[in-house]
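Note sheet for the following structure.
The values are calculated or read from the model by the stated rules, or taken from the named source; none is laboratory data. If you're wondering where the values come from, they're calculated on a predicted model, not measured in any experiment. All Cβ positions, glycine included, derive from the backbone under ideal geometry; neighbour counts span all protein chains shown.
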């Protein structure tokens with residue numbers, strides 16, 4: 001169990017805190033993802049857990065023991081870095097057992113753990129190669145093996161897949177996830193990629209500017225976002241957030257929100273359809289600026305109510321519409337999200 | 001007719017091709033000329049001339065008088081005086097290379113910690129690069145000065161007997177070594193600082209997390225990563241040490257009792273004091289060969305341990 005209690009980080013006394021009060025408990029065996037845009041502080045939190053960065057305020061507990069002032073090696077965890085951090089002068093095997101050797105683990109154990117780890121990451125045939133002779137994916141697997149071999153039951157991963165190409169990244173996602181399941185270890189995984197967060201995480205913490213926006217399962221984050229930041233972060237294309245009813249009436253589109261008439265309304269692009277399905281479906285008059293047919297769907301780009309910001313909708317199949325004119329699209333009422341003007345969710349309709 | 005025309009045409013083409021080739025060659029020569037002339041006049045011509053002189057008996061004006069083949073070399077190898085100078089040089093070079101590399105690395109490691117005042121100390125340590133040999137020698141002369149020198153003052157404060165750095169057989173070579181190491185330190189320090197800065201931080205972070213000991217971190221991460229620079233610094237220092245002249249000339253004049261009579265100083269004395277240019281030339285050639293040999297040996301011995309990325 002890893003507990004962060006009101007964790008704060010500031011670099012100098014005068015500076016504003018980069019991490020402002022993070023509290024979360026991560027249960028053993030959990031795949032916990034920290035996600036957010038760059039500069040949101042997710043890597044800093046990870047490095048504070050690892051002990052590579054000092055903690056300015058709050059408590060860090062691992063299995064009930066206070067970790068704040070312990071050196072990294074005493075926290076019994078291991079870490080995988082974005083750039084792999086393999087020792088270039090050592091072979092794959094040497095890289096993997098270097099830590100064990102330095103800690104004077106006996107040779108038989110070293111060998112046993114090495115061969116287990118090599119099998120697990122499927123690198124047995126590469127054990128005597130040097131990192132420079134391996135591909136990016138193989139290097140990252142060596143880094144994984146090194147983490148596994150340490151015997152730590154917590155592995156921290158700092159954007160481990162972002163140096164890989166798209167295809168490899170996808171397959172590595174499943175490999176890492178499967179490995180974690182098999183070993184029953186706790187993984188804290190940092191990424192800026194919402195798809196990685198959604199597909200890998202048991203639970204996801206989303207951060208912005210050092211502030212936790214929401215913690216929950218991927219499904220909760222997608223279906224019940226607590227604010228517009230979360231709502232816009234998950235899902236591609238991202239959710240349209242449009243000012244509510246009063247602003248809309250001129251064009252004959254009105255949303256009778258159950259809330260303040262000034263509420264913001266969120267519509268996921270794929271919630272739109274061209275035909276009215278229910279009587280009370282919301283009809284939106286969209287100035288269709290352009291459209292793109294992408295095979296399974298059609299993407300519509302346009303504006304509502306002469307507003308500046310572009311909205312985007314996704315229609316199943318090939319939509320029989322023509323651009324540069326007003327078209328009407330429909331959204332069923334249970335697919336609408338409501339936020340107050342500060343961006344906080346008002347209630348959760350449609351779950 | 002058609003055939004004749006094409007053959008004539010062919011000849012023309014060939015001619016212009018030749019012209020073109022000549023032009024490129026001329027251009028290439030033009031580009032090489034400045035450095036070729038410079039090297040020719042200041043390096044290759046003196047080298048050839050030295051080899052030439054080394055096979056002659058010369059008169060007091062330095063003119064070759066009688067061709068004697070390789071017998072200058074034979075005489076030299078039986079010359080106890082020269083052999084002692086050679087031995088002194090080897091001890092000197094070994095010590096200078098070792099001490100310079102080790103202390104430069106130590107200083108670079110200390111200042112790579114990014115503590116307060118690091119920049120100031122870095123500037124101090126690198127500053128010997130800007131000091132000339134003569135100035136440095138005079139400075140050390142003041143330090144080594146009996147009774148009034150800083151060294152004796154410090155020793156006196158510690159209630160230790162004074163050391164006759166430059167006049168005592170046992171200390172003189174060490175004193176010269178000390179000044180030369182001090183001189184070389186700036187450059188080596190700077191090069192090694194750069195190398196240390198280039199070692200990727202995550203390598204140490206992984207090691208920290210895995211509980212790797214400080215010694216293992218140094219031996220298995222730092223050393224291999226900076227080995228190319230270390231090798232470079234070692235080689236350059238060694239070659240420089242072989243050619244040390246200024247410090248000896250200004251501090252000890254090769255004495256006392258020839259204890260600091262390094263080979264280059266011996267060459268200087270033979271050529272300009274004893275006016276035996278033939279012998280001096282022979283010694284120069286032997287020195288050049290020795291430097292080449294030792295450098296090759298160093299390459300062969302240590303290159304395997306150097307890791308180029």
Filtering segment B:195-212 down to residues that are at the interface with chain A (Cβ under 8 Å from one of its Cβ atoms) and in contact with a helix residue (DSSP H, G or I) (Cβ under 7 Å, 6 or more places away or on another chain) yields B:203, B:207, B:208, B:209, B:210, B:211, B:212
Tell me yes or no: at least one residue of segment B:156-163 is in a helix (DSSP H, G or I) and either assigned by TED's automatic domain parsing to the domain that holds residue B:249 or buried (at least 16 other Cβ atoms within 10 Å of the Cβ) (or both).
yes
Please tell me if residue A:81 is in contact with a strand residue (DSSP E or B) (Cβ under 6 Å, 6 or more places away or on another chain) and within 12 Å of chain B (Cβ to nearest Cβ).
yes
Being surrounded by 17 or more Cβ atoms within 10 Å (Cβ to Cβ), more than 14 Å from chain B (Cβ to nearest Cβ) and not in a loop (DSSP other than H, G, I, E, B) is the filter here, so list the residues in segment A:52-67 that pass it.
A:58, A:60
Condition check for residue A:33: touching a strand residue (DSSP E or B) at 6+ places or on another chain (Cβ under 9 Å), modelled with pLDDT of 95 or more and not in a loop (DSSP other than H, G, I, E, B)
yes
Note on segment B:69-115: residues touching a residue at least 40 places away in the same chain (Cβ under 8 Å) and not in a helix (DSSP H, G or I) are B:112
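Name the one entry in A:39, A:57, A:51 that is in the same structural domain as residue A:133 (by TED's automatic domain parsing), more than 20 Å from the chain's Cα centre (by Cα) and over 26 Å from residue B:212 (Cα atoms).
Selected residue: A:57, the only one of A:39, A:57, A:51 that is in the same structural domain as residue A:133 (by TED's automatic domain parsing), more than 20 Å from the chain's Cα centre (by Cα) and over 26 Å from residue B:212 (Cα atoms).
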May I ask you to verify whether residue A:46 is within 14 Å of another protein chain (Cβ to nearest Cβ), in contact with a helix residue (DSSP H, G or I) (Cβ under 6 Å, 6 or more places away or on another chain) and either within 26 Å of residue A:161 (Cα to Cα) or at pLDDT below 90 (or both)?
no
Given (1) in contact with a helix residue (DSSP H, G or I) (Cβ under 7 Å, 6 or more places away or on another chain); (2) free of Cβ contacts under 8 Å to residues at least 60 places away in the same chain; (3) away from chain B (no Cβ under 13 Å), where does residue A:33 come up short, assuming only one miss?
(2)
What about residue B:192, is it under 25 Å from the mean Cα position of the chain (by Cα), more than 14 Å from chain A (Cβ to nearest Cβ) and under 30 Å from residue A:156 (Cβ atoms)?
no
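Evaluate the following for residue B:166: is it touching a helix residue (DSSP H, G or I) at 6+ places or on another chain (Cβ under 6 Å), under 30 Å from residue A:79 (Cβ atoms) and in the same structural domain as residue B:250 (by TED's automatic domain parsing)?
It is false that residue B:166 is touching a helix residue (DSSP H, G or I) at 6+ places or on another chain (Cβ under 6 Å), under 30 Å from residue A:79 (Cβ atoms) and in the same structural domain as residue B:250 (by TED's automatic domain parsing).
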Residues of segment B:227-259 that turn out to be in contact (Cβ under 8 Å) with a residue 60 or more places away in the chain and within 30 Å of residue A:130 (Cα to Cα), as a count
7
In segment A:284-301, what residues are surrounded by 13 or more Cβ atoms within 10 Å (Cβ to Cβ) and either over 24 Å from residue A:222 (Cα atoms) or touching a residue at least 60 places away in the same chain (Cβ under 8 Å) (or both)?
A:285, A:286, A:287, A:288, A:289, A:291, A:299
Could you pull out every one of the helices (runs of 4 or more DSSP H) wholly within segment B:214-308 that has 2 or more residues that are more than 24 Å from residue B:56 (Cβ to Cβ)?
B:223-242, B:246-251, B:277-302
Starting from segment A:97-111, take each residue that is more than 8 Å from every other protein chain (Cβ to nearest Cβ) and at positive phi and list its partners that are outside any helix (DSSP H, G or I) and modelled with pLDDT of 90 or more, counting only C-beta distances under 7 angstrom and pairs at least six apart or across chains.
none
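Kindly evaluate residue A:120 against the criterion of being under 27 Å from the mean Cα position of the chain (by Cα) and modelled with pLDDT under 90.
yes
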Note: among B:271, B:241, just one is in contact with a helix residue (DSSP H, G or I) (Cβ under 7 Å, 6 or more places away or on another chain) and at pLDDT below 90, namely B:271
Count - residues of segment A:138-152 that are at pLDDT 90 or above and more than 10 Å from chain B (Cβ to nearest Cβ):
8
Checked segment A:314-349 for anything on the phi > 0 side of the Ramachandran plot and surrounded by 15 or more Cβ atoms within 10 Å (Cβ to Cβ); matches are A:343
Could you tell me whether any residue of segment B:193-201 is crowded, with 17+ Cβ neighbours inside 10 Å, under 23 Å from residue B:249 (Cα atoms) and assigned by TED's automatic domain parsing to the domain that holds residue B:218?
no
Here are some residues: A:94, A:13. Which one is within 28 Å of residue A:177 (Cα to Cα), out of contact with any strand residue (DSSP E or B) (no Cβ under 9 Å at 6 or more places or on another chain) and without any contact (Cβ under 8 Å) to a residue 12 or more places away in the chain?
A:94
